[in-house]
Amino acid sequence: MKLAELMAVGRSPDYPVAWVGERLIEWGEFSARVARLSHALAARPEREWLLACAEPLDFAVALFAVWHAGRRALLPPSLREGAIAETREQADGILDDPAIWPASPGAPETLSLKPLDPARAGLDLFTSGSSGKPKRIAKCLAQIEAEVATLEHLWGDGKARATRPVLATVPHHHIYGLLFRLLWPLAAGRPFDSQTCSAPEFLLARLDRLGPGRVISSPSQLARMHELISLESLAGRATQIISSGGPLDAATAARFQASLGEPPLEVLGSTETGGIAWRGQNGDDAWTPFPEVAVSISEESALVLVSPFLPDHTPLATDDAAEILDDGRFRLLGRLDRIVKIEEKRLSLPDMESRLASHPWVREAALVVLNGRRQSLGALLVLTEEGRRALALEGRAASARALRQHLSSWFDA
C-alpha cells in the first residue's frame with residue numbers, strides 16, 4: 001500500500017503493526033494515536049517538527065501525525081544530546097517519546113485522515129557536510145514511496161509471508177533504518193520490532209519470541225557477529241539478512257554464506273542518493289543497479305546516477321570511482337580522493353585494500369602513500385589467525401612477498 005494512502009485507507013483494527021516488548025500493537029491503536037496527535041499538531045502554529053523519538057513505534061506515530069497535520073518532519077543525525085541541540089535550532093518544535101502520548105484536548109473519539117499529497121509531504125534528514133556542520137537533505141514522500149515500492153518489488157515476501165516480523169540491529173533515525181525497519185514494513189503490512197537488537201544474543205531471543213523474520217543490520221555488526229554467537233544459530237530464524245551503510249568485507253560475506261547458505265543482501269546508497277544498487281557476494285564484488293536507476297561513468301571516472309529517488313532527473317555524479325561491466329553491473333573502485341598515481345600507474349587504494357582483505361591471511365587493510373626518494377605504498381594490516389601463524393613461521397619478508405604476489409593478479413608490480 002502507498003504510504004500516502006496508508007492512514008486514509010487503513011487496515012483491519014486487529015492487523016499487527018509492531019511489537020513493543022512482549023506486546024503486539026495492532027492497527028486500531030496505531031491509527032488512533034496518529035489521528036489524535038495529528039489533530040493536536042494541526043491546531044498549533046509550528047510548521048517544522050524535529051522528531052527525537054527514541055522508540056521506533058513512537059517515531060512512526062509522530063512522523064505520520066506530522067505529515068497528516070500538514071507539517072514537515074526533521075530527523076536529527078543521531079539521538080545524542082549534542083546532535084539534538086544542533087538540529088533543534090532549525091525546527092519550530094520538538095517531538096520526543098513523552099510528548100506524543102497525551103491525547104489531544106477536545107479531539108473527537110474517531111478521527112478520519114485524508115490521503116497525503118506525495119509531492120508536498122516530506123521530511124528533512126541531516127548528514128555530515130564538507131564544512132563539518134550537518135547538511136540538510138530534503139526528501140518528498142514521492143521519492144520515499146518510489147524507493148519502498150522498489151524494495152517490495154525486489155524482495156517482497158508475498159502475501160503468504162506478509163506478517164513475518166522485521167527486526168533490526170540499527171536505529172531508525174537515518175535513511176536506511178527509516179526505510180528498511182519502519183516505512184517498508186508499514187507499507188507492506190509486516191510487523192516491525194520496536195526493540196533495537198544491538199547484541200546478537202538479544203537478536204536470537206527476539207527471533208525466538210517473534211518467529212522467523214527479516215533482519216536489518218550493518219557491516220560492522222555483521223563482521224563481529226561470529227565472535228559472539230554461532231552463525232548457524234540464525235538458520236531457520238533469520239529469513240533474510242540485509243546490510244547497508246558501507247560495503248561488507250568478503251570474509252564476513254563468506255562466513256554467512258558457509259553458515260546460512262547465502263551471504264547477506266547488501267544495499268548501496270546514501271542519504272542524498274537513496275538506494276543505488278544491491279549485491280550478494282559469492283566470490284563476486286559487483287553491484288546490480290536498482291531497476292529504475294541508470295548508471296554511467298563520467299570523464300573523471302565518477303559513478304553517475306539518474307534515479308527516481310533523487311529530487312529530479314538531473315544526472316548526479318557521486319564521489320565514487322567505478323567501472324561498468326559488460327553485463328550492466330558495476331564495480332566500485334573507491335573514493336575519487338583516494339585514487340593515486342604511483343610511477344605513472346593510476347591505483348585505487350580502496351580497491352587494493354579490498355584485494356588484500358580477500359587474502360586468507362588478512363582481516364583488514366589500510367594503504368597510505370609514502371613520499372620518499374621514490375614514491376611507494378605502505379600497508380597497515382590486521383592479520384587473521386592464519387596470517388599470524390604464517391608470519392611467525394615464514395617471517396616478515398616472505399609474508400610480504402606472498403601478499404605482493406597476491407596483489408599481482410590485479411595490479412602491475
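The values are calculated or read from the model by the stated rules, or taken from the named source; none is laboratory data. A quick note: this is a predicted structure, and the numbers were derived from the prediction, not measured. Quick reminder, even Gly has a Cβ in these numbers, built from the backbone with ideal geometry, and neighbours come from all protein chains shown.
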Seminar exercise, completed: Within the range 190-225, the count of residues that are under 21 Å from His153 (Cα atoms) and at pLDDT below 95 comes to 0
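From Glu262, Glu272, Glu227, grab the single residue that is under 21 Å from Ile144 (Cβ atoms) and charged (D, E, K, R). Steps first, please.
Working: Glu262 fails: under 21 Å from Ile144 (Cβ atoms); Glu227 fails: under 21 Å from Ile144 (Cβ atoms).
On inspection, the qualifying residue turns out to be Glu272.
Each row is one residue, and each column tells you yes or no for (1) surrounded by fewer than 17 Cβ atoms within 10 Å (Cβ to Cβ); (2) more than 17 Å from the chain's Cα centre (by Cα).
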site	(1), (2)
Glu232	yes, yes
Ser244	no, no
Glu262	yes, yes
Arg279	no, no
Asp285	no, yes
Ser307	no, yes
Problem set entry | Flag if His226 is in contact with a Lys or Arg (Cβ under 7 Å, 6 or more places away or on another chain) and surrounded by fewer than 23 Cβ atoms within 10 Å (Cβ to Cβ) | yes
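Quick one: how many residues across the range 188-205 are part of a helix (DSSP H, G or I) and surrounded by 22 or more Cβ atoms within 10 Å (Cβ to Cβ)? If you could, list the steps in order and put the result at the bottom.
The initial filter retains those residues of the range 188-205 that are part of a helix (DSSP H, G or I), namely 188, 200-205.
With surrounded by 22 or more Cβ atoms within 10 Å (Cβ to Cβ) added as a condition, the list becomes 200, 203.
Final tally of qualifying residues: 2.
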Problem set entry | Odd one out for Phe180 among (1) touching a helix residue (DSSP H, G or I) at 6+ places or on another chain (Cβ under 6 Å); (2) part of a helix (DSSP H, G or I) | (1)
Exercise. Here is a list of conditions, (1) more than 26 Å from Val293 (Cβ to Cβ); (2) of a type in the set (Ser, Thr, Tyr); (3) not in a strand (DSSP E or B), and Ser376 meets all of them except one; can you say which number that is?
Worked result: (3)
Exercise. If you check every pair at least six apart or on different chains, which have Cβ atoms under 7 Å apart with a residue in the range 69-91 that is over 19 Å from Leu41 (Cβ atoms) first and a residue that is aromatic (Phe, Trp, Tyr) and at pLDDT below 90 second?
Worked result: Pro77/Phe126
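Do any strands (runs of 3 or more DSSP E) lying entirely in the range 1-101 carry at least 2 residues that are buried (at least 21 other Cβ atoms within 10 Å of the Cβ), and which ones are they? Can you show your working first?
Numbers: elements: 16-20, 23-26, 48-51, 72-75, 93-95.
Correct list: 16-20, 48-51, 72-75.
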Problem set entry | Filter pass, Ile175 being outside the structural domain of Glu5 (by TED's automatic domain parsing), surrounded by 16 or more Cβ atoms within 10 Å (Cβ to Cβ), β-branched (Val, Ile, Thr) and closer than 22 Å to Pro77 by Cα | yes
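Quick grid of which residues meet (1) more than 24 Å from Arg164 (Cβ to Cβ); (2) among the small types (Gly, Ala, Ser); (3) modelled with pLDDT under 95:
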| position | (1), (2), (3) |
| --- | --- |
| Ser243 | no, yes, no |
| Asp249 | yes, no, yes |
| Ala253 | no, yes, no |
| Ala258 | yes, yes, no |
| Pro264 | no, no, no |
| Thr271 | yes, no, yes |
| Gly280 | no, yes, no |
| Asp285 | yes, no, yes |
| Val293 | yes, no, no |
Exercise. Can you tell which of Glu262, Glu272 is assigned to a loop (DSSP other than H, G, I, E, B) and over 30 Å from Pro315 (Cα atoms)?
Worked result: Glu262
Exercise. So Val66 clears everything in (1) farther than 16 Å from Gly122 by Cβ; (2) β-branched (Val, Ile, Thr); (3) modelled with pLDDT of 95 or more except one condition, right? Which one?
Worked result: (1)
